[in-house]
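Okay, so here's the structure we're looking at.
Just so it is clear, none of the values below were taken in a lab; they were calculated from the coordinates. On a predicted model such as this, the values are computed, not experimentally measured, just so you know. We place every Cβ from the backbone using ideal geometry, glycine too, and count neighbours over all the protein chains shown.
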Amino acid sequence: MSDKLTLPKPQGPVDGAAETLLSVEGLTKHFPIYGGFPIKRKVGAVQAVDGVDLTVGVGESVGLVGESGCGKSTTGRLITRLLEPTAGKVTYAGQDITHASRRQMAPVRSEIQMIFQDPYSSLNPRQTVGTIIKSPMEVNGINPKGGVENRVRELLELVGLNPEHYNRFPHEFSGGQRQRIGVARALSLNPKLIVADEPVSALDVSIQAQVVNLLQKVQEEMGIAFLFIAHDLAIVRHFSQRLAVMYLGKVVEVGDRDSIYNRPRHPYTHALLSAVPEVALDDETEDRERIRLSGDVPSPIHPPSGCRFRTRCWKAQDKCATSEPPLVQISGNRENHLTACHFPEDPTTEARDADIVLDPALAALEKEGE
Amino acid sequence: MTTLTKTEGERAPSGPEAFLSVRDLRVRFSTEDGIVKAVDGLSFDVERGKTLGIVGESGSGKSVTNLTVLGLHNPKTATVEGEIVLDGKELVTATEKEMEKLRGNKVAMIFQDPLTALSPYYTVGRQIAEPFMKHTGASKKEAKLRAIEMLDKVGIPQPAMRFEDYPHQFSGGMRQRAMIAMSLICNPDLLIADEPTTALDVTVQAQILDLLKDLQQEFGSAIIFITHDLGVISKMADDLLVMYSGRAVERGSVREVLRAPQHPYTWGLLSSMPRLGGDTAQALTPIPGSPPSLLNPPSGCPFHPRCGFTSEVSGNRCSGERPELPAGRGAACHLDDAQKSTFFIEQIKPRLG
Amino acid sequence: MLQFLIRRLSGAVVIMFLIGAFTFFLFYTIPQDFAQLSCGKNCSPENIAVIRENLGLDKPITTQFWEFMMGIVSGRDFPQGHCAAPCLGVSFDSGQFVWDSIVDRFPLTLSLTIGGLVIFLLFGLGTGLMAAWKRGTALDKVVSGSSMVLSSFQIYFLGPIVLSLLVFNTGWLESPKYVPITDSPGQWFMGMLIPWAVMATIFTAQYTRMARSTMIEQLQEEHVRTARAKGMRQRYVFFRYAWRGSLIPIVTIIGMDLSALLSGAVVTEFTFDLAGIGRLAVEGSLSKDLPLTMGVMLFGAFFILILNIIVDLAYAYIDPRVRLA
């Protein structure tokens, strides 16, 4: 049913051969923790992002999924240089921007834009919509043909808002409309890459689709590459041609849409997919595997040694604690499908003979019920 | 379950009638801008031991309804009309004292965000044990034992030690487990869960949902499960109520409503939501416009300004006449039954991939 | 806990030193000869030279400062005799040891503060809680309205009115005066009654408003709703759950008010013609009396810093999420 991989898209890259726009190598962000006596010093670090490799091709949409604390938002902020990386390298269009100064960043800054999660707090309530959208142009000294104001009206129309609302304030708009304003602001500088951090998760279900469709239109018609960060696996699947799955600051699996959703190898990817509650429209969608992990994600201050997922993994062995599995194309994977696991799962999401239930309370209750 | 549970006789089925029955409930809030009709003529039943799912977006009135059932609305700004009958007892007119005896005892509630729903100032154990002491008259020691037993049941490791912890020392998933332990400690007949997993991560959500289902088997409670997520509801509920603008627009068993939905709003919800098994080449079909204002709800059918099928109804009934929700399976829509079924099969279903 | 205290107390010492340095050197920007001031009108140059030497004004400023600060730790010797630690120097004006003047005046300030505090906490928090409990009712409106009016009053306005009503016109009460509690508790009480009442009226109004608004805010917290959903009684929810959360802002304000009052209630003292720390401070700075001003400043700063630490300890006690570090 979902083997339709090639999409009739005029611009998006169809395969991995597309020109690389952004590449990230060994990206690391550790937030220091201070403490101690009598003089405060660094006593530890939150290892929010720890050695992430990622590429985004020109016009490509890459999804970044994972649960809270996995470092996906931090990764987005590192790429847009809202945060300074601790280590690693960020290359944009062949230029190393890892530690670029303000001045060096200036030309790049306008090409990489960000859309934020909360449409309420990310727009200045004291500015009109017009001012919000035009200020990136003014800051960057860009004067489009026909004037700034004309361009703003064009953008408003493009994102599906009434150009007449130029002088209104954000509070006069609904959540979905505000997110459109955020999209218009991001588009005002003709970016080549948009980092969208949970752009629809604060919106009502019926509104989410409006914004997803708008972003998709922007991506396809304007050829803008996206790094789409979200926790909703179904939305990411809908939006992204390639995906990276993160767990505790590391990418555990990366591949094209079909590989990740239909042929996942990493146990965490299996667990994540099996946890998604799906509306059963017919009986056939019900035979998916059932995996219930136990507990929550461990603290990124003291992540487990070796494979970080091992403490919640049903396949973990001694090796997992001692050596960290590299992110490689393991046997049975298609090209460009990389998995960081010593003991990968079979590439299927179909129901197993026995459910995997690691949660002790669930296991006890289910045993009792039998 | 060894200590101090209610006797079995108390939960013997009292005939086929509904355990909770809400009739023509209307809740209005007076605000500075005018009267907000948060709930506007809502009726539903919950059967013993069954789960009723209520699905709707923000402002649909789903949370207000359930706060009203427990009498937790603000009596100074809200006016409540209609009937709420729980196990033969009228609740709209009940006194505060009568409601106090009911809350946490016969009817318990789980809230969305366990971080803000638990007091940061008291230990988790104390907060769990409190309602047990209040409702059963148990001693502090008995209540502590019972609370530890409940913590163990919901899967908190080392429950005796964690009893003394404060909520901020718990992870998000553990806090929600503690909330569940608190709600079930008096063995309630009805559990109201208001978006209990919305604040949680997807793998934790899956654990909590299964836990709730398994505990329901054991405790035999009826559940009202409120959510905006159709996927979650399809896993949890037996019956389903779709709410829009303070009213129920569709009702039926989960299977009926999700596999053969009849209301254009339900169609819209289904087709605006991508699915893991869906066709990615197929664009999502959003519901146009925004949810209605509750201060000034649209005339007639509240969904008509966003509905794509009003032209199929003769005259201007959609904007002029409020469609009634039939008892039992059905939708509050002016389309006739044949239209509902053909439009879904021909126009909506193919888009769901 | 011990680490916290050591760190905070040593921090407080550093801050006291900085405050002292700042006050000291700021004083020397005044184009005045302190010896001349101290000597009075008919002064011979010889007298001035003697005074200058006695006061140590002939030494470099930094040396003077150092000697002053060391005096606090280990005491100093003056022509008048030994000034034991904590020595805050000798007043240019009166020639008295500054520490002795402060010790002399402090009991009045302390009486004024403690008495006032008890009254305004009792009434202020009491009426505030009552208004929050009965929020939206006529009682709440009366309490909120009157506390709004009263809190905009000032002591220098209300004080004279009360004095003229109760003392000068009717003679019901005597003029406020300070009698040490050790001499006569009754007279001490009667002497302080009017200042307490007037001061407490204004503070009460402020505490009423604050207690009411923080309580109403807390009552809307989700965890308070959870407590009600468990079937806990309304009074229990009010006093256990909502009150606990209101304590943080209340304790903050108490700490600030207390340290302000202990370092001298200037307006109250002048209004009722009482001689406390506040009056001493004003006298010192008007007569450009460097040691006296330094002394009173440091004395006040001491209370502010200590109360700050106490308030932080209270936070940790009230809210388990607060960690002392």
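Structure summary
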item	result
Ranked by how many other beta carbons lie within 10 Å on average, peptides A:317-328, B:301-312, A:122-133, A:158-169 from highest	B:301-312, A:122-133, A:158-169, A:317-328
Nearby aspartates and glutamates by direct alpha-carbon distance to C:LYS59 (threshold 13 angstrom, same-chain neighbours under 8 apart not counted)	C:GLU67
DSSP H segments from chain B that extend 15 Å or more along their own axis, Cα-based, with Kyte-Doolittle mean of -0.5 or above	B:124-136, B:172-184, B:202-219
Distance between modelled label sites at C:GLN32 and C:GLN96, nm, 7 Å Cα→Cβ extension	1.9
Peptide B:225-237, shielding by other chains (average Cβ, 10 Å cutoff)	3
Residue pairs, from the table A:LYS42/A:LYS192; B:LYS62/B:LYS340; B:LYS62/B:LYS349; B:LYS213/B:LYS340; B:LYS141/C:LYS230; A:LYS250/B:LYS153, whose Cα atoms sit over 31 Å apart	A:LYS42/A:LYS192; B:LYS213/B:LYS340; A:LYS250/B:LYS153
Shielding by partners - mean other protein chain Cβ count within 10 Å, residues of A:362-368	5
When the convex hull of its Cα atoms is projected in every direction, mean area for region B:206-336 (nm²)	9.8
For chain B: relative contact order, % (alpha-carbon pairs under 8 angstrom, 6 or more apart)	19
Distance between modelled label sites at B:GLU83 and B:THR95, nm, 7 Å Cα→Cβ extension	2.4
Rounded to the nearest 20 debye, dipole of chain A from Cβ charges on Lys, Arg, Asp, Glu	2000
Stretch gain in nm, segment A:ARG334-A:HIS99, where the contour uses 0.36 nm per residue and the Cα spacing is subtracted	81.1 nm
Bins of 10 Å, starting at 0 and running to the largest distance - Cα pair percent for region A:278-369	13, 33, 38, 15, 2
Positive-pole candidate from C:PHE78, C:LEU57, C:LEU121, dipole of region C:46-135, charges at beta carbon	C:LEU121
Convex hull volume per residue for region B:164-206, taking Cα atoms only, in Å³	80
For region C:1-127, radius of gyration divided by Kirkwood radius, i.e. Rg to Rh on alpha-carbons	1.10
Rounded tilt (10° steps) of A:148-158 against the dominant C-alpha axis of chain A	40
Region C:72-224 - Rg (one decimal) and Dmax (whole number), Cα, Å	21.6, 69
Surface/4 estimate of mean projected area, convex hull on alpha-carbon atoms of the protein assembly as shown, nm²	54.5
Compactness relative to 2.2 N^0.38 Å, alpha carbon Rg of region B:260-352	1.13
Under 15 Å from B:LYS76, Cα to Cα: aspartates and glutamates that are on another chain or at least 8 residues apart	B:GLU32, B:GLU96, C:ASP140
Inverse of mean 1/r across different Cα pairs in region C:99-318, Kirkwood, Å	19.1
Descending Cα extents along the principal axes, region B:60-145, whole Å	42, 29, 21
Of all DSSP beta bridges in chain A, antiparallel share, percent nearest 5	60
Taking N as its residue count, the alpha carbon Rg of chain A over 2.2 N^0.38 Å	1.06
Peptide ranges A:146-154, B:166-174 listed from the most packed, as the mean C-beta count within 10 angstrom indicates	B:166-174, A:146-154
Percentage of interatomic Cα-Cα distances in region A:192-258 larger than 18 Å	37
Farthest positive-ward along chain B dipole, Cα basis, beta-carbon charges - from B:PRO159, B:ALA281, B:ALA178	B:PRO159
Neighbouring partner chain Cβ atoms per residue of B:282-295, average, 10 Å criterion	4
Burial ranking of peptide ranges B:254-267, A:262-275 (average Cβ count within 10 Å, highest at the top)	A:262-275, B:254-267
Per principal axis, descending, Cα span of region C:1-68 in whole Å	59, 20, 18
Region B:203-353, relative contact order [Cα under 8 Å, separation at least 6], %	23
Inverse of mean 1/r across different Cα pairs in chain B, Kirkwood, Å	21.5
Mean separation of Cα contacts under 8 Å (6+ apart) over length of chain A, as relative contact order %	19
Degrees separating the helix A:175-187 axis from the principal Cα axis of chain A, which is the longest one	70
With Cα atoms, 0 to 90° folded angle of helix C:61-74 axis to chain C main axis	60
Share, in percent, of DSSP beta bridges within the protein assembly as shown that are antiparallel, nearest 5	60
FRET efficiency, 1/(1 + (r/R0)^6) with R0 22 Å, evaluated for A:ALA321 and A:GLU25 via beta carbons	0.25
Out-of-range pairs (alpha-carbon distance over 32 Å; input B:LYS50/B:LYS144; A:LYS40/A:LYS315; A:LYS367/B:LYS97)	A:LYS40/A:LYS315; A:LYS367/B:LYS97
